[in-house]
Number of protein chains: 2
Amino acid sequence: MKVTIIGIGLIGGSMAIALREKGLAKQIIGVEANAAHAEQAIALQLVDEIKTLESTVRESDLIILAIPVNSGENILPKILDLVNKQVVMDVGSTKLSICATADGHPNRKRFVATHPMWGTEFSGPQAAIPGAFIGKGVIICDKDKSDADALTLVEEVYRTIGMHLLYMNAAAHDLHAAYVSHISHITSFALANTVLEKEREEDAIFEMASTGFESTVRLAKSNPDMWVPIFMQNRENVLDVLNEHISQLKKFKSCLEKENYDFLQELIVNANKISKIIG
Amino acid sequence: MKVTIIGIGLIGGSMAIALREKGLAKQIIGVEANAAHAEQAIALQLVDEIKTLESTVRESDLIILAIPVNSGENILPKILDLVNKQVVMDVGSTKLSICATADGHPNRKRFVATHPMWGTEFSGPQAAIPGAFIGKGVIICDKDKSDADALTLVEEVYRTIGMHLLYMNAAAHDLHAAYVSHISHITSFALANTVLEKEREEDAIFEMASTGFESTVRLAKSNPDMWVPIFMQNRENVLDVLNEHISQLKKFKSCLEKENYDFLQELIVNANKISKIIG
């Protein structure tokens with residue numbers, strides 16, 4: 001199969017490695033607006049060549065859209081204009097907005113909306129790694145709006161690279177993604193800013209930063225060019241979750257202010273239940 | 001050297017493994033109030049035997065206090081009552097309160113207050129692991145209040161198990177610990193409660209939880225019996241940091257409410273500076 005990947009960054013690049021390793025792609029074409037990234041993608045052998053969108057879509061079997069969600073939404077209609085039998089999938093972290101865009105297009109059924117639940121705080125072709133998606137879940141949204149052959153191809157690709165498939169509508173995806181991914185990024189960005197604000201004069205102190213701190217603040221290294229568009233597109237859900245999170249923090253604050261340590265104990269015992277979910 | 005470890009949990013147990021591996025301890029005695037943990041500590045060969053505090057302090061060269069900070073503070077005077085030439089060190093996450101307790105004791109100079117900056121979200125003897133402290137920092141507080149030989153022994157122990165030494169007074173320690181450790185735990189507990197509150201009816205959805213979520217919420221599994229006393233003892237610093245963190249979160253909230261995405265971009269760009277600190 002001949003695959004075009006639009007955006008050879010963390011996800012697009014890792015997808016290229018996985019497709020090649022599993023023998024899914026005989027040829028991989030990259031479309032990459034960033035000239036430095038295009039060069040790196042070739043140098044790292046993530047793609048066989050870099051082409052323009054217009055020159056590669058028609059001759060591809062599968063087109064994977066792996067750029068920030070706002071750009072993805074802008075470019076999708078142009079891709080769908082060019083396809084006839086080709087399959088187009090995206091891998092973005094929001095689904096409602098791009099699905100709404102796709103819904104208006106006559107070639108909607110060639111598009112499959114997906115979100116593989118894997119990522120790191122790094123970005124660009126050099127962040128691409130082998131074995132990235134193994135054992136993780138991928139959400140496929142609004143599957144009934146895709147042609148059966150398109151859906152089957154995308155499902156097969158994800159299964160082959162080691163992911164398990166979950167199905168939901170785009171609205172449900174965006175709500176849940178706000179809870180299990182987007183809010184984690186906001187708390188991490190805010191935690192970084194909290195520490196940077198207060199500890200700016202203290203260099204040595206950062207030697208104190210232990211594994212716990214690193215773990216909670218790791219996501220704060222994430223790329224704003226990826227995350228601002230996600231927060232824009234999932235604004236209402238993210239605001240709801242953020243309000244809830246601030247209320248939860250205020251409960252901890254109130255316990256400390258009132259020295260109500262029994263309730264503090266209860267809050268922590270309740271938080272421990274997360275073990276059931278993340279193992 | 002004969003070492004007594006009071007509390008054979010995550011830290012005490014990992015310390016036992018490290019001391020044995022480095023040939024620092026010829027014999028390790030455990031003092032453990034929890035009968036099940038005492039049995040596990042023997043079964044896992046973390047300690048050679050379990051004894052009472054009274055029967056082991058005098059015959060030890062080094063006594064390591066590795067129980068929750070409130071219990072540690074209660075028991076320290078009893079240990080210091082028993083020592084003459086022995087060295088006593090603690091490994092607790094708060095330092096001001098235990099140092100104040102020690103300061104009133106005639107044997108104060110046999111005590112060295114320390115905080116090795118390593119931990120995981122697990123607890124008990126089964127959580128103890130080899131190689132735990134390697135490459136991490138350890139804070140030694142109020143070193144001038146310890147006898148030179150006691151300080152030298154403790155420094156030697158930490159260097160030998162692979163830690164680098166940092167010195168500060170107990171008040172500075174507690175302030176910085178609030179930023180680089182305690183707040184991370186509160187945000188993680190609160191994040192777990194946020195998600196558990198909203199997603200209680202949704203089981204399947206947790207398959208969505210990706211590595212980012214796991215990373216930020218991992219600390220929420222931490223033991224309340226360890227953490228409530230830490231928050232009690234470091235209440236004022238933790239409240240200050242928590243207030244700052246809530247303000248930082250409100251900046252994100254305000255950006256989203258006002259759709260001020262330029263400022264949102266700025267907030268994230270600023271958060272990215274944490275890379276300089278956690279690499």
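The values are calculated or read from the model by the stated rules, or taken from the named source; none is laboratory data. Treat the numbers as computed from the prediction; the structure is a model and nothing was measured. Cβ sites come from the backbone with ideal geometry, for glycine too, and all protein chains shown count toward neighbours.
Filtered by the rule that a residue be over 13 Å from the mean Cα position of the chain (by Cα) and either assigned to a helix (DSSP H, G or I) or among the basic types (Lys, Arg) (or both), the range A:117-145 gives A:Pro125, A:Gln126, A:Ala127, A:Lys143, A:Asp144, A:Lys145.
Residue-wise test of (1) within 26 Å of A:Leu46 (Cβ to Cβ); (2) more than 14 Å from chain B (Cβ to nearest Cβ); (3) among the hydrophobic types (A, V, I, L, M, F, W, C).
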| residue | (1), (2), (3) |
| --- | --- |
| A:Asp90 | yes, yes, no |
| A:Thr120 | yes, no, no |
| A:Gly137 | yes, no, no |
| A:Asp142 | no, yes, no |
| A:Glu156 | yes, yes, no |
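Looking across the range B:68-85, the residues that are touching a Lys or Arg at 6+ places or on another chain (Cβ under 9 Å) and surrounded by fewer than 22 Cβ atoms within 10 Å (Cβ to Cβ) come down to B:Leu82, B:Val83, B:Asn84, B:Lys85. Consider the range B:35-65 and keep the residues that are loosely packed, with under 13 Cβ neighbours inside 10 Å and without any contact (Cβ under 8 Å) to a residue 12 or more places away in the chain. The one that is nearest to B:Lys2 (Cα to Cα) is B:Ser55. For the residues B:Phe252, B:Phe231, B:Phe213, B:Phe263, the requirement of being among the hydrophobic types (A, V, I, L, M, F, W, C), more than 7 Å from chain A (Cβ to nearest Cβ) and either surrounded by 15 or more Cβ atoms within 10 Å (Cβ to Cβ) or in a helix (DSSP H, G or I) (or both) singles out B:Phe263. For the range B:161-191, a residue qualifies if it is surrounded by fewer than 18 Cβ atoms within 10 Å (Cβ to Cβ), touching a Phe, Trp or Tyr at 6+ places or on another chain (Cβ under 8 Å) and outside any strand (DSSP E or B), and exactly one does: B:Gly162.
Considering the range A:1-14, the residues that are aliphatic (A, V, I, L, M) and more than 22 Å from A:Lys85 (Cα to Cα) include one that is surrounded by the most Cβ atoms within 10 Å (Cβ to Cβ), namely A:Ile8. Within the range B:234-249, the set of residues being buried (at least 16 other Cβ atoms within 10 Å of the Cβ) and of a type outside the set (D, E, K, R) comprises B:Asn234, B:Asn237, B:Val238, B:Leu239, B:Val241, B:Leu242, B:His245, B:Ile246, B:Gln248, B:Leu249.
Pairs under 7 Å by beta carbon, first residue assigned by TED's automatic domain parsing to the domain that holds B:Pro125 and within 13 Å of B:Ala128 (Cα to Cα) in the range B:3-22, partner outside any helix (DSSP H, G or I) and aromatic (Phe, Trp, Tyr), six or more apart or different chains? From residues that are assigned by TED's automatic domain parsing to the domain that holds B:Pro125 and within 13 Å of B:Ala128 (Cα to Cα), the pairs are B:Leu10/B:Phe122; B:Ala18/B:Phe133. The residues of the range A:157-183 that are among the polar types (S, T, N, Q) and more than 16 Å from B:Ala192 (Cα to Cα), listed by number, are A:Thr160, A:Asn169.
If the condition is being of a type in the set (A, V, I, L, M) and crowded, with 19+ Cβ neighbours inside 10 Å, then the range B:119-134 contributes B:Ala128, B:Ala132.
Hey, among the residues in the range B:244-255 that are closer than 12 Å to A:Ile246 by Cβ and not hydrophobic (A, V, I, L, M, F, W, C), which one's farthest from the chain's Cα centre (by Cα)?
Residue satisfying both the conditions and the ranking: B:Ser254.
Taken across the range A:135-151, residues that are surrounded by fewer than 23 Cβ atoms within 10 Å (Cβ to Cβ), among the basic types (Lys, Arg) and within 18 Å of A:Ile6 (Cα to Cα) do not occur at all. Being of a type in the set (Ser, Thr, Tyr), part of a helix (DSSP H, G or I) and either more than 30 Å from A:His173 (Cβ to Cβ) or more than 19 Å from the chain's Cα centre (by Cα) (or both) narrows it down to one of B:Thr114, B:Thr152, so name that one. Result of the check over B:Thr114, B:Thr152: B:Thr152.
Restricting the first member to the range B:81-97 and to residues that are more than 15 Å from B:Val154 (Cα to Cα), and the second to residues that are acidic (Asp, Glu) and buried (at least 18 other Cβ atoms within 10 Å of the Cβ), the beta-carbon pairs closer than 7 Å and six or more apart or on different chains are B:Thr94/B:Asp174; B:Lys95/B:Asp174; B:Leu96/B:Asp174; B:Ser97/B:Glu73. Taking the range B:6-106 as the region of interest, the helices (runs of 4 or more DSSP H) fully inside it that hold 2 or more residues being closer than 24 Å to B:His185 by Cβ are B:10-21, B:69-82, B:96-103.
Just so you know, in the range B:216-228 the residues that are at the interface with another protein chain (Cβ under 7 Å from one of its Cβ atoms) and closer than 20 Å to A:Glu214 by Cβ include one that is nearest to the chain's Cα centre (by Cα), and it is B:Trp227.
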